[in-house]
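The values are calculated or read from the model by the stated rules, or taken from the named source; none is laboratory data. The model shown is predicted, which means the values in this text are computed figures rather than measured ones. Here the Cβ positions follow ideal geometry from the backbone for every residue, glycine too, while neighbour counts run over all protein chains shown. Each accessible area value is taken on the protein alone, full model and side chains, heavy atoms only, with ligands, DNA and RNA left out. Shrake-Rupley method; radii C 1.70, N 1.55, O 1.52, S 1.80 Å.
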Amino acid sequence: MKRALYFLPLLVFAVLAGYFYVGLGMDPRTLPNMLEGKPVPAFDLAPIKGRERGFANTDLLGQVTLVNVFGSWCIACQAEHPFLMRIKEAGWVPIYGIDWRERDPDAGPLWLRKWGDPYTVVGDDPKSHAAIAFGVTGAPETFLVDKQGVVRYKQVGPITPEVWEGTLWPLIQELRK
Amino acid sequence: MIIEIGHFALVLALFVAVVQAAVPMAGAQRGDAAWMAVARPAALAQFLLVAVAFGCLTHAFVTSDFSVLNVAQNSHSTKPMLYKVSGVWGNHEGSMLLWVLILAVFGCAVALFGRNLPPGLRSRALAIQGLISVGFLLFILFTSNPFARLLPAARDGQGLNPLLQDPGLAFHPPFLYLGYVGFSMAFSFAIAALIEGRVDAAWARWVRPWTLAAWSFLTVGIGLGSWWAYYELGWGGFWFWDPVENASFMPWLAGTALLHSSIVVEKRDTMKAWTVFLAIVAFSLSLLGTFLVRSGVLTSVHAFATDPKRGVFILILLIIVIGGSLALFAWRGPQLKSTGLFQPVSREGALLLNNLMMTVGTAVVLLGTLYPLFTDAMTGGQSKVSVGAPFYNAVFVPLMIPMIAAMAVGPMLSWKRGDLGAALTRLWLACAAAAVAVAVTWLVQTGGSVLGLIGVLFAAWLAVGTLVELAERVRLFRAPAGESLRRLARLPRAAWGMTLAHFGLAVVVAGITGAGVWKVESIQAMKPGDSVDVAGYTYTFHGAQEHQGPNYSALRGKFTVSRGGEPVVDLWPEKRVYTVRAMPTTEAAIHPTFWGDLYAVVGDAQPGGSFVTRLYFNPLVGWMWAGGLIMVLGGVLSLSDRRYRVGAPTRRRVPAGAAARA
């Protein structure tokens, strides 16, 4: 029995080595996206304070859209924001917003008044109902949705001019055909 | 031409390593003194050849020889000289070469200073070192050759990752590697002991200085790394439980356990197999650290080389080294008989508790670090769940509480059978100090957090407990002052080392508690002229200007900080964009004070002329690094103790200090 104890470390290491071998075959850089190629989950969010129109998954049908998850608490969203404004001003693609995890219902509307509102419609998601359905891991995150309401691409982190030029814009043009 | 010499030297080093691995080992098995004697010149030659190779690569970096692929990819002619040199190991190939160089340095040190080691043990240990060297040299030459040419030569280099262009990070990897590779010595001695089937007090004395040196280096490396993260990443945090950080923390925990268990082997002739096991674990975790960073098995914010092909090679290397040594341990370990008996309440009992907590801690970090790998493999790559700070905090705090509580008591207990009651009575002062510290904290702290109180409680307990132990040793206030002073002067350096290291940990605990629990943070958009109050300090923003550095352009903000109307300091945080790689980095402006750091970060410009700013007050954060330094000082002092000095393995009579404490 005592002898068996001396074999335990070897056994543990053998199991670890097996996992390492499996792990080597995986690309560490890609975050998995279970949604890509699947329809947008069903959700129906209330409007943010002071507005009338809420945001539901059915709003996305019939056009290519971006769904952008943001929050007034999120610094990276502020970094991304000027470029979203540019997209809106140029009319490249409609952006739908999900205002995520606001503790104060006034914070989101205030943020949009202060910096500008790039969104066609904004839904309020303080309890992460839509965010969980989308599998959001952090903000900002943006989903590219086609005319049939199917998620085609997920951008983790801010949309930068490079991401736009290199990935999103070509994809959008492709999906519009 | 020089680069070819380097390449050639490295190939030669491989052949010498093969000889170093094979001949002395065979000699030791056959009892052939001439064959065993090969170990020494082989280790010296190995060191010289690797040093030549390393020198050649350094030459290429310093002279910006862009006909070398590695230099072209990682350096740039406009880079300051410091970063040209640190660029040698700022990339995968060069860092592996540094690894092997350090390995050769340690091997060389054994060959030079290990003359009075038993010849069998010395030649076996050097042979194991040679074997490790063979593995790594093969890896470098076949998968990561730093001497590959680039033809035609590049006009200029691509520049070093700007995050790495920092003095803290320039010296972080060498120290880390000195620590990692240092554990290879304990490992080689452990394997040699397993082959010989014998572990005794002399063996423990031999392993101790190497372990202590590795531990001290690793402590410096981890400290530098967290300091870098603190001022460079710009989040006011210092430890993120990132896989790369964990990779350095695990060998540290195992190495700390090894340091303590080897004392038990020396003094009480017990815990032998366990100590050998810890030596294997500490080095295995060091290798794993190298592996985790290099192969991309786990992702991380600063893994700077990810390549599965190399990963397969390293995995095979790991299986041979770790799997092989653990198999040897399973086979020969049971033969290492311990003679000492164990009483739970005794010095060795306390050291066992330390080992238990350290090992569980190591296992917890390992599990947390590898957890994403497990879930990933289970779900076929569909779930990249990572384990974050809440997990580690929830597990680590409860683990550290009994350990720190026992840390003050343990040194007061005698070997074999201690008197817990007497030890606790003598620690009344520590109890009182802890109570006072908690009471003061309770009064001062706003938004009372229990965690803060616990941290202060144990920091004070450990700090004062350690000092009480020192006072007991020199019979302060019991013997005449002259007698106490004489005892103090005669105290062995190893005893000073323990006192300093334990005291340093108390300071670290205080620092972590302060920065972790009472951090004040304020994130906002500010226009020039705006003021914000953070932790009693008023920060006035004066706008941000473009500013040109040697190889970057920067946005530099200015804050004036005042307290109660009195000016305190001007802060100049920067946001840099390095011209070659167009990668932005944050340069936080930090004003350290005794009670905490003022910390300011300037972010992007916003429409309307305002800037995002992040302002922090990080209480006691500097204590953490100060405490780390004290711990290292303890390690170095203990290392200089003549009883443990490398080359003095003979058993002396019980020294004066040890007699005084009994």
(message) Give me the percent relative contact order of the range B:140-265, please, defined on Cα pairs under 8 angstrom at least 6 residues apart.
(response) 30 percent
(request) Take the alpha carbon atoms of the range B:1-20, find their center, do the same for the range B:407-444, and report the distance between the two centers in whole angstrom. (result) 57 Å
(message) Let me spell out the model: positive unit charges on the Cβ of Lys and Arg, negative unit charges on the Cβ of Asp and Glu, origin at the Cα centre of chain B. What dipole size does that give, in debye rounded to 20?
(response) 2560 debye
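In peptide B:319-331, what is the residue-averaged number of other protein chain Cβ atoms found within 10 Å of each Cβ? Each step should come with its number before you reach the end.
Values: counts 5, 0, 0, 5, 6, 1, 3, 9, 5, 1, 4, 9, 4.
Taking all residues of B:319-331 together, the mean is 4.
Using the membrane-span-like helix rule (whole DSSP H runs, Cα extent along the own axis of at least 15 Å, mean Kyte-Doolittle hydropathy at least 0.5), which helices of chain B qualify? Walk me through the intermediate numbers first.
Working: long enough: B:2-30 (42 Å, 1.57); B:39-62 (34 Å, 1.56); B:92-113 (32 Å, 1.92); B:119-143 (35 Å, 1.40); B:167-196 (45 Å, 1.21); B:201-232 (45 Å, 0.36); B:243-268 (37 Å, 0.34); B:272-295 (34 Å, 1.52); B:347-379 (47 Å, 0.93); B:389-409 (30 Å, 1.72); B:428-444 (24 Å, 2.18); B:450-473 (34 Å, 1.66); B:493-517 (35 Å, 1.30); B:621-639 (28 Å, 1.75).
Result, helices passing both filters: B:2-30, B:39-62, B:92-113, B:119-143, B:167-196, B:272-295, B:347-379, B:389-409, B:428-444, B:450-473, B:493-517, B:621-639.
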(message) Among A:Val93, A:Leu112, A:Gln78, which residue has its Cα furthest toward the positive end of the charge dipole of chain A, with +1 on Lys/Arg Cβ and -1 on Asp/Glu Cβ?
(response) A:Gln78
(request) Could you tell me which trypsin sites (Lys or Arg not before Pro) in the range A:59-108 are loop residues by DSSP with no more than 14 other beta carbons within 10 angstrom of their beta carbon? (result) A:Arg103
(request) Sequence neighbours fewer than 8 away in the same chain don't count; with that in mind, list the lysines whose C-alpha is under 29 Å from B:Lys519. (result) A:Lys114, A:Lys127, B:Lys527, B:Lys558, B:Lys575
(request) Using label points projected 7 Å from each Cα along Cα→Cβ, tell me how many nm separate B:Ser77 and B:Val577, to one decimal. (result) 2.4 nm
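Determine the per residue accessible area of the protein assembly as shown with all protein chains present and a 1.4 angstrom probe, expressed in square angstrom.
42 Å²
Taking the convex hull of the alpha carbon atoms in the range B:464-517, what volume per residue do you get, in Å³? Don't skip to the answer; put the middle values down first.
On the way: hull volume 3.8 nm³, N = 54.
Once divided by residue count, the hull of the range B:464-517 is 70 Å³.
To the nearest 0.05, what FRET efficiency results for A:Arg3 and B:Asp156 with a Förster distance of 60 Å applied to their C-beta separation?
Working: r = 62 Å, r/R0 = 1.04.
Here the calculated transfer efficiency is 0.45.
State the percent of C-alpha pairs, over all pairs in chain B, separated by a distance greater than 35 angstrom. Don't skip to the answer; put the middle values down first.
Working: 103947 of 218791 pairs.
Value for chain B (Cα pairs over 35 Å): 48 percent.
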(message) Return the equivalent ellipsoid semi-axes of the range B:234-292 as a descending list in whole Å, where each equals the square root of 5 times an eigenvalue of the C-alpha gyration tensor.
(response) 29, 13, 5
(message) Among B:Val88, B:Ile5, B:Leu137, which residue has its Cα furthest toward the positive end of the charge dipole of the range B:1-164, with +1 on Lys/Arg Cβ and -1 on Asp/Glu Cβ?
(response) B:Leu137
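How shielded is A:4-11 by partner chains, expressed as the average number of their Cβ atoms within 10 Å of its Cβ atoms? Each step should come with its number before you reach the end.
Details: counts 1, 4, 9, 6, 2, 12, 10, 2.
Shielding by partners across A:4-11 averages 6.
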(message) Step by step: find N for the range B:31-113, compute 2.2 N^0.38 Å, then divide the Cα radius of gyration by it. What's the final number?
(response) 1.37
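As a test of the definition: which semi-axes, in Å, follow for chain A when you take the square root of five times each eigenvalue of its alpha carbon gyration tensor? Largest first, please.
Semi-axes from the Cα gyration tensor: 39, 20, 16 Å.
Provide a whole-number value for the mean count of partner chain Cβ atoms within 10 Å of the Cβ atoms in peptide A:58-64. If you can, show how the numbers build up before the last one.
On the way: counts 0, 0, 0, 0, 0, 0, 0.
What the average comes to for A:58-64 is 0.
Quick one: dipole size for the protein assembly as shown, taken about the Cα centre, charges +1 on Lys/Arg Cβ and -1 on Asp/Glu Cβ, in debye to the nearest 20.
Details: 67 positive and 50 negative charges, 748 e Å.
Its charge dipole is roughly 3600 debye.
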(message) Which residue, A:Ile48, A:Gly166, A:Val64, has the largest displacement toward the positive end of the dipole of chain A when charges sit on each Cβ (Lys, Arg +1; Asp, Glu -1)?
(response) A:Gly166
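May I ask you to give the average projected area over all directions of the convex hull of the Cα atoms of the protein assembly as shown, in nm² rounded to one decimal?
Values: hull surface 158.0 nm².
Spelled out: convex hull of the Cα atoms, projected over all directions, averaged, 39.5 nm².
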(request) Would you list, by chain and number, the lysines whose Cα falls below 19 Å from the Cα of A:Lys177, excluding same-chain residues fewer than 8 positions away? (result) A:Lys147
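Once R0 is set to 35 Å, what does the formula 1/(1 + (r/R0)^6) return for the Cβ-Cβ distance between B:Ala439 and B:Asn393, expressed as a FRET efficiency to the nearest 0.05? Please list the in-between numbers first.
Working: r = 25 Å, r/R0 = 0.71.
Between B:Ala439 and B:Asn393 the formula returns 0.90.
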(message) Straight-line reach from B:Lys267: which aspartates and glutamates fall under 12 Å, measuring Cα to Cα and dropping same-chain residues less than 8 apart?
(response) B:Asp200, B:Glu348
(request) Could you sort B:326-336, B:99-109 so that the peptide with the highest average Cβ count within 10 Å comes first and the rest follow in order? (result) B:99-109, B:326-336
(message) Highest mean first, how do B:1-10, B:505-514 rank when packing is the count of other Cβ atoms within 10 Å averaged over residues?
(response) B:505-514, B:1-10
(request) Starting from the Cα coordinates of the range B:315-354, work out the convex hull volume and express it per residue in Å³. (result) 90 Å³
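Starting from 0.36 nm per residue, how many nanometres of slack lie between B:Ala422 and B:His59 once their C-alpha separation is accounted for?
Gain in length upon complete extension: 124.4 nm.
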(message) Can you order the peptides B:609-618, A:162-171 by their average number of other Cβ atoms within 10 Å per residue, highest first?
(response) B:609-618, A:162-171
(message) From the alpha carbon gyration tensor of the range B:106-218, can you work out the equivalent ellipsoid semi-axes (sqrt of 5 times each eigenvalue) and give them in Å, largest to smallest?
(response) 36, 19, 10
(message) Can you bin every Cα-Cα distance in the range A:72-177 into 5 Å intervals starting at zero and give me the percent of pairs per bin, rounded to whole numbers?
(response) 2, 11, 22, 27, 21, 11, 4, 1, 0
(request) With +1 on each Lys and Arg Cβ and -1 on each Asp and Glu Cβ, and nothing else charged, work out how big the dipole of the range B:520-619 is about its Cα centre, in Debye to the nearest 20. (result) 240 debye
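So, R0 is 41 Å and r is the distance between the beta-carbons of B:Thr593 and A:Gln173; what FRET efficiency does that work out to, to 0.05? All intermediate terms of the calculation are to be shown ahead of the outcome.
Values: r = 56 Å, r/R0 = 1.37.
That gives a FRET efficiency of 0.15.
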(request) Give the residues of the range A:159-177 whose amide nitrogen is closer than 20 Å to a point set 7 Å from the Cα of A:Gln148 in the direction of its Cβ. (result) A:171-177
